[in-house]
Amino acid sequence: MREEEVEIAIKVVVVGNGAVGKSSMIQRYCKGIFTKDYKKTIGVDFLERQIEVNNEEVRLMLWDTAGQEEFDAITKAYYRGAQACVLAFSVVDRDSFEAIESWKRKVEAEVGEISMVIVQNKIDMIDEALIQPEEAEALAKKLRLRFYNTSVKENINVDEVFRYLTEKYLEKL
Ligand code: GDP
């Protein structure tokens, strides 16, 4: 598929507390790699990957906050024009789970209602889980969002998350 044949490009933001695996997820999805000590590069705005969904070639641009998630002025610029969003937390970080609703509100305050999905990452560490499965399901139900368990490390469900978001976005076109 030549570049000029791609007509649909989607800006996807991956949000959530620090260290839940957002950068790792973007690296995994776009580059196929996982490293334990991946260094965030401030200034690299996004990585991209092209996929085919419903016979359409779609370019996904995945935006990374590069560890600046505490700074509202930076994240606001980062959300601008986003058409889809991953709300990410980690199964071994209780605070990150409790922050999901506030991340959703922050994104919606900037860009309104867009396609979203909740992701519980680090599922390979389920033995040390600090969130019960019912709690995660209840949150997803309350926010009326699809919920995925992922392991960026073991490459579980990462492709599925972005495929789902793309399908959901295309449905609304
Ligand atoms: P960010 O701050 O949300 O972007 O998080 P990072 O992508 O920098 O990841 C934080 C740490 O968690 C890094 O050491 C990653 O290697 C690690 N990590 C990311 N995803 C997973 C996963 O699925 N399983 C495990 N065990 N570690 C992960």
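From the helices alone, meaning DSSP H stretches of at least four residues, give me the mean residue ellipticity at 222 nm for the chain, per-run term -39500 (n - 2.57), in deg cm²/dmol to the nearest 500.
On the way: 6 runs with 60 residues, N = 173.
The per-residue figure over the chain is -10000 deg cm²/dmol.
Based on the alpha-carbon gyration tensor of the range 40-140 and its eigenvalue square roots a ≥ b ≥ c, which shape applies: rounded if a/c is under 1.5, prolate if not and a/b is larger than b/c, or oblate? Could the numbers behind the result be given before it?
Values: a/c = 1.62, a/b = 1.33, b/c = 1.22.
Prolate shape, in that a/c is at least 1.5 and a/b is the bigger ratio.
Once the Cα atoms of helix 22-31 and of the chain are each reduced to a long axis, what angle between those two axes, in degrees from 0 to 90 to the nearest 10, is obtained?
On a 0 to 90 degree scale, this one is about 40.
Using 1/(1 + (r/R0)^6) with R0 = 35 angstrom and r between the beta carbons of residue 70 and residue 31, what's the FRET efficiency to the nearest 0.05? Intermediate results must be reported in sequence, preceding the final value.
Values: r = 26 Å, r/R0 = 0.74.
Between residue 70 and residue 31 the formula returns 0.85.
What FRET efficiency, computed as 1/(1 + (r/R0)^6) with R0 = 30 Å and r the Cβ-Cβ distance, is obtained for residue 153 and residue 8, rounded to the nearest 0.05? Intermediate values should be presented prior to the final figure.
Details: r = 30 Å, r/R0 = 1.01.
Taking R0 as 30 Å, the efficiency between residue 153 and residue 8 is 0.50.
Give a quick list of trypsin sites (Lys or Arg not before Pro) in the range 123-165 that DSSP marks as loop, anything other than H, G, I, E or B, with at most 11 other Cβ atoms within 10 Å.
Answer by residue number: 144.
What are the GluC sites (Glu not before Pro) within the range 116-173 that DSSP puts in a loop, where the Cβ has at most 16 other Cβ atoms within 10 Å?
Values: sites: 128, 134, 135, 137, 154, 160, 167, 171; in loops: 154.
Taking the range 116-173 and a limit of 16 other Cβ atoms within 10 Å, the loop GluC sites (Glu not before Pro) found are 154.
Which whole-number value in Å² is the accessible area per residue of the range 62-101, probe 1.4 Å? Mind showing how you got there, number by number?
On the way: 1580 Å² over 40 residues.
It amounts to 40 Å² per residue over the range 62-101.
Have a look at the DSSP beta bridges in the chain and tell me what percent are antiparallel, nearest 5.
Here the share of antiparallel DSSP bridges comes out near 30 percent.
Kindly provide the pair-distance distribution of the chain built from C-alpha pairs, with 5 Å bins from 0 and whole-percent values in order of increasing distance.
P(r) over the chain, rounded to whole percents: 1, 9, 18, 23, 22, 16, 8, 2, 1, 0.
Taking a cut-off of 29 Å between Cα atoms, list the lysines near residue 142, but don't count ones fewer than 8 places away on the same chain.
In chain and number order, the partners are 11, 22, 76, 104, 106, 122, 153, 168, 172.
Once both labels are modelled 7 Å past Cα along the beta-carbon direction, what's the residue 109-residue 77 spacing in nm?
Result for the modelled spin labels: 1.9 nm.
Cut-off 14 Å, label point 7 angstrom out along Cα-to-Cβ of residue 19: give me the residues of the range 90-113 whose amide nitrogen falls inside.
90-97
Let's test the formula: R0 of 30 Å, r as the Cβ-Cβ distance of residue 45 and residue 138. What FRET efficiency results, to the nearest 0.05? Please report the intermediate quantities before stating the final value.
Details: r = 35 Å, r/R0 = 1.16.
Plugging the Cβ-Cβ distance into 1/(1 + (r/R0)^6) gives 0.30.
The values are calculated or read from the model by the stated rules, or taken from the named source; none is laboratory data. Computed from a predicted structure; not experimentally measured. Reconstructed Cβ throughout: ideal geometry from the backbone, glycine too, with neighbour counts over all protein chains shown. Areas reflect the complete protein model, heavy atoms only, side chains present, ligands, DNA and RNA absent. Shrake-Rupley method; radii C 1.70, N 1.55, O 1.52, S 1.80 Å.
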